[in-house]
Amino acid sequence: MCGIVGGVAQRDVYPILIEGLKRLEYRGYDSAGLAVVTSDHEITRHRRLGKVAELEAALAEQPLPGGLGIAHTRWATHGVPSENNAHPHICNDKIAIVHNGIIENFEELREQQKAQGYVFTSETDTEVIVHQITRYYDETGDLLEAVAKAIRDFKGAYALGVICRDDPASMVIAREGSPLVVGLGIAENFIASDVQALLPVTHRFIYLENGDLGRITRDKIELFDSELIPVEREAKTSVQSDSSVERGKFKHYMLKEIYEQPKAVSETLQGRVTDNSVLDSVFGNNAGELFERVKTIQIVACGTSYHAGMCARYWFESFTGIPCNIEVASEFRYRNPVVPDNCLFVTISQSGETADTLAALMQAKERGYLGTLAVCNVPESSLVRESDLMLMTHAGPEIGVASTKAFTTQLVALMLLVVAVGKHHGMAAEQEAEIVTALNNLPNLIELALNRDAEIEELCNEFLDKEHALFLGRGVEYPIALEGALKLKEISYIHAEAYPAGELKHGPLALVDENMPVVTVAPSNDLLEKLRSNLEEVRARGGLLYVFADDVSNFDDDSENIRVVEIEPAPSVVAPIVNVVYLQLLSYHTAVLKGTDVDQPRNLAKSVTVE
């Protein structure tokens, strides 16, 4: 969710913090704020409702000089978007903090603090943190010790940046559940919730572990565990480039990321396959031995990653004969699942910091699963560090809230996993080679799909006055229909739902009329004739059909109530990965024509790092 940036430097830090916030705005954009400790030991602050541009304008009129500062862009959880609820929060003009996460026992702490005389100016859970730290600071006179004592009183998740007017040369940080990194500079150091915020000033980072605390100055990084015992964390160099988070020639990040998919898929395959085989070693040491023992698969994910897992379930059972379950992480973690013998626990997350998926992984590690494997786009993420095995997607930074290239690269990674497991359970070498050949040709097929961009853009004019849409799919195309519906509702605000096409008679058919566009991808596969019959049920009731079909499918578009977009034929094993690109373009152009905020849709943030 929200974005944190902070810095300790010899120069004024507010321009660096503002640039960092702009790079993190995809994580939250309800409000933004910045606080600096001046050389005369005062905390000065600006907060603004809305996007970071509003805060930037305030700083242009009234800069906040100083070498120690913290900043935050908010996605509202507790308390409506407002200036009073915006971070940083300050107590007694003495201590200021920024916070990502949720303090679950904040109501209890709030009542205690009110009785102690603390005055609340916001509705947030965060304000109890700054009051609790101030209470202990008044007792100890040491900010690090005060933070260490305060966090023992909190239940929930947090990433904290804390500054004090008494010390304009140091910052205290803490992490539990929500991500936080330290950026290492030359005579200056920084913190952020994501490395992307700091790429203009450094490429060297320390990734904090759960329970870590730290004290940062211009020249020194001190890290401790919760008992203030010193700990060491390795500094790593990020391979991300500063330019990778720029829009370039594209109007929106989402369109840029749609067009980056051929390259992202190619890079996800690179080094993982030979001409006809998938390499076990890319998943980690002894992966082949573990795959040999697998009898069942359990996949857990959220949102778009959940749809990728649904595709993988079809693939696992079709190509390997191994039973596979898929469940939403927020549901999985609150029940008591029966763990089958030799079950591989697979998590999928773009960021690797999705709160529910992480919590499910931690529970799985205690329940006797055969092993854990993460499919993720961020190598330094908590999900990767906590898993036995992993396969990194190489999508690169994805800024648009509506996931595109992360989804397609997840599908590629999952297909590699299917093959790697399958060849230990009877998959013929010929079938493995056939799948690998199709994967190697996938970037070219996606390029051909992107060539339909202008045609799809023209089609989207017919969606401008629509309030609802229905997406249909059969077999492995059903999760693609779900993903298409999710993209349309996320960025155009058209209510869209997806159903298995065979379920039409069981309810959705009642919604079909001339005002309800019905969208489907109809590749020429074994379920084509079944799907064709379902679509005839829609057409017979006056529904308007939008069918993405290859020329082999032979759909007739002479009728007034059917629109056919011809798509490129693709091998069935990779067809879903290609076909989702058409639905991404449909959603994108519809949103642009409707004038919505494509990259930062209302009420949504990129990484859901709170429950």
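The values are calculated or read from the model by the stated rules, or taken from the named source; none is laboratory data. Model, not experiment: these values are computed from the prediction. Reconstructed Cβ throughout: ideal geometry from the backbone, glycine too, with neighbour counts over all protein chains shown. Keep in mind that these areas ignore ligands, DNA and RNA; they rest on the heavy atoms of the full protein, side chains included. Shrake-Rupley method; radii C 1.70, N 1.55, O 1.52, S 1.80 Å.
A few comments on the model shown:
- Condition broken by A71, with the remaining ones in (1) over 24 Å from the mean Cα position of the chain (by Cα); (2) open to solvent by less than 50 Å² (accessible area, probe 1.4 Å); (3) small (G, A, S); (4) at pLDDT 95 or above satisfied: (1)
- Boolean, E176 is within 16 Å of G161 (Cα to Cα) and open to solvent by 60 Å² or more (accessible area, probe 1.4 Å): yes
- Residue that is more than 30 Å from K295 (Cβ to Cβ) and part of a loop (DSSP other than H, G, I, E, B), where the choices are E455, E503, E514: E514
- Annotation note: of T393, T437, T409, the sole residue that is of a type in the set (S, T, Y) and closer than 20 Å to Y582 by Cβ is T409.
- Positions within region 282-323 being of a type in the set (S, T, Y) and under 28 Å from the mean Cα position of the chain (by Cα), in sequence order: T296, T304, S305, Y306, Y314
- Selection status of N342, touching a Leu at 6+ places or on another chain (Cβ under 7 Å) and surrounded by fewer than 16 Cβ atoms within 10 Å (Cβ to Cβ): yes
- Within region 435-455, restricting attention to residues that are among the acidic types (D, E) and surrounded by 14 or more Cβ atoms within 10 Å (Cβ to Cβ), the residue that is nearest to V574 (Cα to Cα) is E447.
- Number of positions in region 289-318 that are in a helix (DSSP H, G or I) and open to solvent by less than 50 Å² (accessible area, probe 1.4 Å): 13
- Filter result for F250 (surrounded by fewer than 20 Cβ atoms within 10 Å (Cβ to Cβ) and without any contact (Cβ under 8 Å) to a residue 24 or more places away in the chain): yes
- Condition check for E458: of a type outside the set (A, V, I, L, M, F, W, C), modelled with pLDDT under 95 and open to solvent by 60 Å² or more (accessible area, probe 1.4 Å): yes
- Residue ID - nearest to C164 (Cα to Cα), chosen from residues in region 39-64 that are among the aliphatic types (A, V, I, L, M) and open to solvent by less than 40 Å² (accessible area, probe 1.4 Å): I43
- The residues of region 461-476 that are open to solvent by 10 Å² or more (accessible area, probe 1.4 Å) and under 30 Å from W315 (Cα atoms), listed by number, are R474, G475, V476.
- The C-beta contact set for region 290-308 (first residue on the phi > 0 side of the Ramachandran plot, second residue open to solvent by 10 Å² or more (accessible area, probe 1.4 Å) and not in a helix (DSSP H, G or I), distance under 8 angstrom, 6+ apart or interchain) comprises G303/S403; G303/V608.
- The helices (runs of 4 or more DSSP H) located wholly in region 60-170 that include 1 or more residues which are among the hydroxyl-bearing types (S, T, Y) occupy 126-140.
- Breaking point among (1) under 12 Å from the mean Cα position of the chain (by Cα); (2) in contact (Cβ under 8 Å) with a residue 40 or more places away in the chain, for V375: (1)
- Qualifying residue in region 409-426 (condition: assigned to a loop (DSSP other than H, G, I, E, B) and within 22 Å of A570 (Cα to Cα)): no
- Qualifying residue in region 521-533 (condition: open to solvent by less than 70 Å² (accessible area, probe 1.4 Å), at pLDDT below 95 and assigned to a strand (DSSP E or B)): yes
- Subset of region 179-211 (residues that are assigned to a strand (DSSP E or B), surrounded by 21 or more Cβ atoms within 10 Å (Cβ to Cβ) and among the aliphatic types (A, V, I, L, M)): V181, V182, I191, A192, I206
- Residue count for region 102-113, restricted to those that are open to solvent by less than 40 Å² (accessible area, probe 1.4 Å) and among the acidic types (D, E): 0.
- Test: residue in region 21-35 that is farther than 28 Å from G177 by Cα and in contact (Cβ under 8 Å) with a residue 60 or more places away in the chain: no
- Number of positions in region 385-414 that are open to solvent by 20 Å² or more (accessible area, probe 1.4 Å) and within 24 Å of N210 (Cβ to Cβ): 4
- Members of region 257-288 that are open to solvent by 20 Å² or more (accessible area, probe 1.4 Å) and either in a helix (DSSP H, G or I) or farther than 19 Å from T409 by Cα (or both): Y259, K263, S266, E267, D275, N276, D280, S281, V282, N285, N286
- Meets criteria (at positive phi and either touching a helix residue (DSSP H, G or I) at 6+ places or on another chain (Cβ under 9 Å) or of a type in the set (A, V, I, L, M) (or both)) for A187: yes
- Within region 154-170, the residues that satisfy the criterion of being surrounded by fewer than 17 Cβ atoms within 10 Å (Cβ to Cβ), of a type in the set (D, E, K, R) and over 26 Å from the mean Cα position of the chain (by Cα) are D166, D167.
- Identity of the residue in region 132-150, of a type in the set (S, T, Y) and free of Cβ contacts under 8 Å to residues at least 24 places away in the same chain, that ends up least open to solvent (accessible area, probe 1.4 Å): Y136
- Hits in region 114-131 - residues which are crowded, with 17+ Cβ neighbours inside 10 Å and of a type in the set (A, V, I, L, M, F, W, C): V128, I129, V130
- Residues of region 74-101 that turn out to be modelled with pLDDT under 95, open to solvent by 30 Å² or more (accessible area, probe 1.4 Å) and aliphatic (A, V, I, L, M), as a count: 1
- Those residues of region 212-238 which are open to solvent by less than 20 Å² (accessible area, probe 1.4 Å) and of a type in the set (D, E), in sequence order: D212
- Unmet requirement for N105, which otherwise passes all of (1) touching a residue at least 24 places away in the same chain (Cβ under 8 Å); (2) within 24 Å of G33 (Cα to Cα); (3) out of contact with any Gly (no Cβ under 6 Å at 6 or more places or on another chain): (2)
- Of all residues in region 415-430 being touching a helix residue (DSSP H, G or I) at 6+ places or on another chain (Cβ under 7 Å) and either open to solvent by 10 Å² or more (accessible area, probe 1.4 Å) or within 14 Å of I577 (Cα to Cα) (or both), the one that is modelled with the highest pLDDT: M415
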